[in-house]
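Worksheet for the structure shown next.
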Amino acid sequence: MSLWQPVSPDIWQGRDDRHEASNALRLFQTVRQSDTQQPSGNGIALIGFACDEGVRRNQGRTGAAQAPDTLRRALGNMASHEGHERLTDMGNIRVEGEALEAAQQALSKTVTACQQAGMRTLVFGGGHETAWAHGRGVLDAFPGERVVIINLDAHLDLRNASQATSGTPFRQLALYCAEQQREFHYACLGVSRAANTRALWDEAARLNVTLVEDLDFPQQALRVVENILNEADRVYLTIDLDVMPAGEMPAVSAPAALGVPARDLLPVIERVCRSGKLQAADLVELSPGFDRDGQGAKLAARLAWQIAHWWA
């Protein structure tokens, strides 16, 4: 059985204002919907990873499997501006039972195919197990290039576990790079010292991870990102929504006690998007069942809106 499924036509809905003007458009009217997994064109491939299994294995609050379509609904009624016409919805990859690894392999292959065909990829997770699959797909598409991972996250996600979880993706990517004898370039910005054990901090030091703590984010993040961009050939940006304060983003597996406000994150996201080096981006860990009045979904959708708008 295929793990891929097209998005239901009733997901992309919104208000029709075309009686006002021909360009009074919203995203549900400009997004292209594909009925196949095959990449086409050179725009942005929007892919859902409907997965809870990594969060469950990591003993977190499940619910992220519902996030891709929830994000699409929140995004659909937003105004369509420059850049949004490039979005092609290429459907969802879903996990069958506990078969996380098979779904991750399917996502990696889809990402590699899109990237090699000239499309960039925007993935809606799923838990942060999404990053192992998305990152591997990008690495496979550009084997001879310096791919840098920028993770906006309260957590390092470098856990050492017997199987893949939402807490292991960057350790898995580090091991994958080592197997291929290529350098592992990883930056975690917004990381909380209170949310990561000393063992994880030691692992980050061993892997030479670039770190900016949540307390230092407004003062340091943009400068650090400039240095990263100067050294990168391609960038993969992954945004764990739990990087933001619980008051702004309640709908995640592990809400942040402190966090980095969205207004502080946006200048960093914009700089990465406008760099000309962003090859792939994702938003992960949205858990709609814990949302309040759709607050988290709306904020996550706004971040996705900005990424597509700014993506040079």
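Some observations on this one:
- Paramagnetic label zone (point 7 Å from Cα along Cα-to-C-beta, residue 194; backbone N under 16 Å) in segment 253-290: 254-261
- On the basis of the beta-carbon distance and an R0 of 45 Å, residue 32 and residue 201 show a calculated FRET efficiency of 0.55.
- Rounded, prolate or oblate (a/c below 1.5 giving rounded, otherwise prolate when a/b exceeds b/c) for the chain by Cα gyration tensor: rounded
- Residue among 285, 98, 129 with the largest mean-square fluctuation in a Gaussian network model of the chain, springs linking Cα atoms under 10 Å: 98
- Residue-count net charge about residue 3 - beta-carbon cut-off 15 Å; Lys, Arg +1, Asp, Glu -1: -4
- 10 Å beta-carbon shell around residue 43, net charge (K/R +1, D/E -1): +2
- This model, with +1 at the C-beta of Lys and Arg and -1 at the C-beta of Asp and Glu, gives segment 207-312 a dipole about its Cα centre of some 380 debye.
- Pairwise FRET efficiency - residue 8 versus residue 180, Cβ, R0 = 35 Å, nearest 0.05: 0.35
- Length gained when the stretch residue 295-residue 220 is fully extended (0.36 nm per residue, less Cα-Cα span): 24.2 nm
- Computing FRET efficiency as 1/(1 + (r/R0)^6) for residue 231 and residue 40, where r is the C-beta to C-beta distance and R0 is 22 Å, gives about 0.10.
- Fluctuation leader among 175, 107, 87 - the chain, Gaussian network, Cα springs under 10 angstrom: 175
- Taking 226, 20, 85 as the candidate residues, the one with maximal mean-square fluctuation in a Gaussian network model of the chain, Cα springs under 10 Å, is 20.
Taken together, the values in this text are just the output of simple stated rules run on the coordinates, not laboratory data. As the structure is a prediction and not an experimental result, all values here were calculated from the model. Positions of Cβ are backbone-derived with ideal geometry, glycine not excepted, and every protein chain shown enters the neighbour counts.
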